[in-house]
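Q: Sharing a structure with you now.
Laboratory data are not the source of any read-out in this text; all were calculated from the coordinates shown. The structure displayed is predicted, hence computed values, not measured ones. No Cβ is skipped: glycine too gets one built from the backbone with ideal geometry, and neighbour counts run over all protein chains shown.
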Amino acid sequence: MEQTWRWWGPNDLISLSDICQVGATGIVTALHDVPTGAVWTREAIAERRQVIEADPSLGLRWSVVESVPVHESIKLGEDDAAPYYETYRETLSNLGDAGIGTVCYNFMPVLDWARTTLRHPLPGGATALRFNAHEFAAFDVHMLARPGAEADYAPDVLARASAWFDAATADDRRTLLGSIMAGLPGAFDRYDIEGLRGMLARYRDTGHAQLQANLARFLEEVVPTAERAGVRLAIHPDDPPRPLLGLPRITSTAEDIAFILDAVPSPSNGLTLCTGSLGARPANDLPAIARRFADRIQFVHLRNVSTEPDGSFMEADHLAGDTDMVTVVHALLEEQKRRQDGGDPRWRLPFRPDHGHEMLDDVGKPTHPGYPLIGRMRGLAEIRGVMTALARQNGLPT
Ligand code: DNO
C-alpha cells in the first residue's frame with residue numbers, strides 16, 4: 001500500500017522534509033483556503049503540486065485530495081444546488097488533468113468529525129481525542145437546547161449531562177463548543193450556537209432517506225465527469241457513525257455503504273475505508289466491511305478506537321482498540337493483489353495513519369487536533385511493520 005501522510009499545506013508546522021523522514025511517499029492535502037463551492041483552478045492546483053514536488057530528493061507526490069467539500073445546498077438537495085454540481089465537476093476535471101486521481105469527500109450534514117475532548121490525558125503524558133457521550137448530550141440538551149434532544153439519549157447519560165452542565169464554568173462550555181467544532185477543517189464553516197441552530201433548522205425536513213436521495217443525485221451529477229477525468233471519488237464515513245444533533249448520517253453502516261456504491265456502480269464511486277470512524281459503532285465488523293467492499297475501496301484511513309457501552313469512545317493506539325487491524329490490512333493486501341493480477345495500473349492502495357496521540361515532543365505544539373508528528377509516525381511505523389510481515393508471509397505485494 002502507498003504510505004501517505006496528511007499535510008495541511010505550506011502553513012503546516014510539519015514540513016515536507018519531516019514527512020520524507022517518517023517514510024511516507026504520498027501527500028494527502030487540499031486547498032483548504034478555497035471556499036466550499038468554488039472551483040479549484042488549474043493554476044492553484046499546479047502551484048500546490050509544484051510545492052510538493054519542488055525537491056525531488058524527498059520523493060513525494062500529491063496522491064490524494066482530502067477533501068473537496070460538498071456544498072450544503074447539494075446535501076440539502078436544494079434547487080439552487082445546480083451551480084455547485086458544475087463547480088464540483090470542474091474541480092474534478094482540473095484535478096484529473098493534473099494527475100491527481102483520488103478524491104476523498106464526505107456527506108455529513110453541517111458537522112464533520114466530532115469529539116468532546118481534544119486532549120484526554122493518557123498515562124505517561126500523551127493525550128488522545130475522546131468522545132464523551134454525556135458531554136455531547138450536555139451540549140445538545142443544555143447549550144444548544146435543541147427541542148426534543150432528550151429523546152436521543154439514555155436516562156443515565158442525561159443525568160450525567162445535567163451534572164456536567166451544572167458544574168461547568170463558562171470556560172468549560174466554550175471549550176466544549178470549540179472541541180465539537182474542531183472537526184471542521186476549513187476556515188469557512190465553523191458555527192457558534194446561533195449559527196448551528198440556523199443550520200439545523202435548514203435540515204428539519206431532511207431525514208435519512210432524503211439525504212440518501214440527495215447523495216445519489218450528487219453521484220449521478222459528478223461520477224461521469226470523475227470517470228472521464230480518471231478520478232476515483234472515495235466517500236468518507238461518518239465520524240461517529242450515528243445521527244448527531246438530530247441530523248441524519250448516511251455513511252455509518254455496511255447497509256449505508258452498499259446503498260451508496262450501488263447508486264452509481266463505477267470504480268469512480270468509491271469508498272474511503274476509515275477504520276476509526278466506522279469502528280466507533282460496535283456493530284460494524286471492520287474486517288467484514290473491508291472484504292465486502294474491497295473492490296470499491298480507493299483510499300484507506302487506518303486508526304483504532306475503544307468504545308464504551310454508553311456510546312463514548314477514545315482513540316486508541318493504531319494496533320490496539322476494538323478493530324482487528326492485522327486482519328483489515330491483510331484483506332487490503334489481498335485486494336491489491338487482485339487488482340494487480342487484473343492489470344490495474346493503479347493497483348496500490350493509498351493509506352494513511354489517521355490521527356495519532358500527541359506524545360513526546362508533540363505535546364504543546366499547535367498542530368491540528370489528531371494530527372501530531374510523532375503520534376502519527378508511531379502509527380505509520382506500526383502499520384508498515386504489519387503490512388511488511390503479512391506481505392512477506394503470504395506472498396503478497398506491499
Ligand atoms: C478527520 C478526517 C475527516 C475527513 C473528512 C473527509 O480527521 O478523517 O475530517 O478528512 O471527513 O471528507
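Q: Among I180, G230, L200, flag the residue with its Cα farthest along the positive direction of the charge dipole of segment 144-230, charges on Cβ as +1 for Lys/Arg and -1 for Asp/Glu.
A: G230
Q: Rule-of-thumb check for segment 54-167: C-alpha Rg over 2.2 N^0.38 Å?
A: So segment 54-167 has a normalised radius of gyration of 1.58.
Q: Same structure, new question: Net charge around S73, counting only other residues with Cβ within less than 9 Å of its Cβ (Lys, Arg = +1; Asp, Glu = -1)?
A: That works out to -3.
Q: How high is the relative contact order of the chain, given as a whole-number percent (alpha carbon pairs under 8 Å, six or more residues apart)?
A: 17 percent
Q: Between H32 and E78, how high is the FRET efficiency from 1/(1 + (r/R0)^6) when r is the Cβ-Cβ distance and R₀ = 35 Å? Nearest 0.05.
A: Here the calculated transfer efficiency is 0.90.
Q: Just name one of G148, V363, T388: the one whose Cα is farthest towards the positive end of the charge dipole of the chain (beta-carbon charges, Lys/Arg +1, Asp/Glu -1).
A: Value: T388.
Q: So for the pair R197, R61, with labels modelled 7 Å out along Cα→Cβ, what separation do we get in nm?
A: That separation, rounded to one decimal, is 5.1 nm.
Q: Same structure again: Viscosity 1.306 mPa s, temperature 10 °C: give me the Stokes-Einstein translational D for segment 194-351 in µm²/s, with Rh taken as the Kirkwood radius over C-alpha pairs.
A: 95 µm²/s
Q: Sorted by mean Cβ packing within 10 Å, highest first, what order do the peptides 383-390, 338-345 take?
A: Packing proxy ranking, top to bottom: 383-390, 338-345.
Q: May I have the extent of the alpha carbons of the chain along their three principal axes, as whole Å values ordered from largest to smallest?
A: 59, 53, 39
Q: Pick out the long, greasy-scoring helices in the chain: whole DSSP H runs spanning 20 Å or more along their own axis by Cα, mean Kyte-Doolittle at least -1.0.
A: 208-229, 325-341, 373-394
Q: For segment 276-348, how big is the tail of P(r) above 20 Å, as a whole percent of Cα pairs?
A: Value for segment 276-348 (Cα pairs over 20 Å): 34 percent.
Q: Right, here's the next one. For a quick check, take a GNM of the chain with Cα springs below 10 Å and name the residue from P240, P123, P109 with the largest mean-square fluctuation.
A: Of P240, P123, P109, the most mobile in the Gaussian network model is P123.
Q: Still on this model: With +1 assigned to the C-beta of every Lys and Arg and -1 to the C-beta of every Asp and Glu, and no other charges, what is the dipole magnitude of the chain about the Cα centre in debye, to the nearest 20?
A: I would put it at about 780 debye.
Q: Okay, next question. At what distance in nm do the modelled label points of D295 and S15 sit from each other, each positioned 7 Å from its Cα along Cα→Cβ?
A: With each label placed 7 Å out from Cα toward Cβ, I get 4.6 nm.
Q: Under a no-solvent Debye model with one identical scatterer per Cα of segment 117-199, what's log10 I(q)/I(0) at q = 0.13, 0.19, 0.21, 0.23 Å⁻¹?
A: -0.45, -0.92, -1.07, -1.20
Q: Treating the beta-carbon of each Lys and Arg as +1 and of each Asp and Glu as -1, no other charges, what is the dipole magnitude of segment 117-199 about its Cα centre, to the nearest 20 debye?
A: The calculation lands at about 240 debye.
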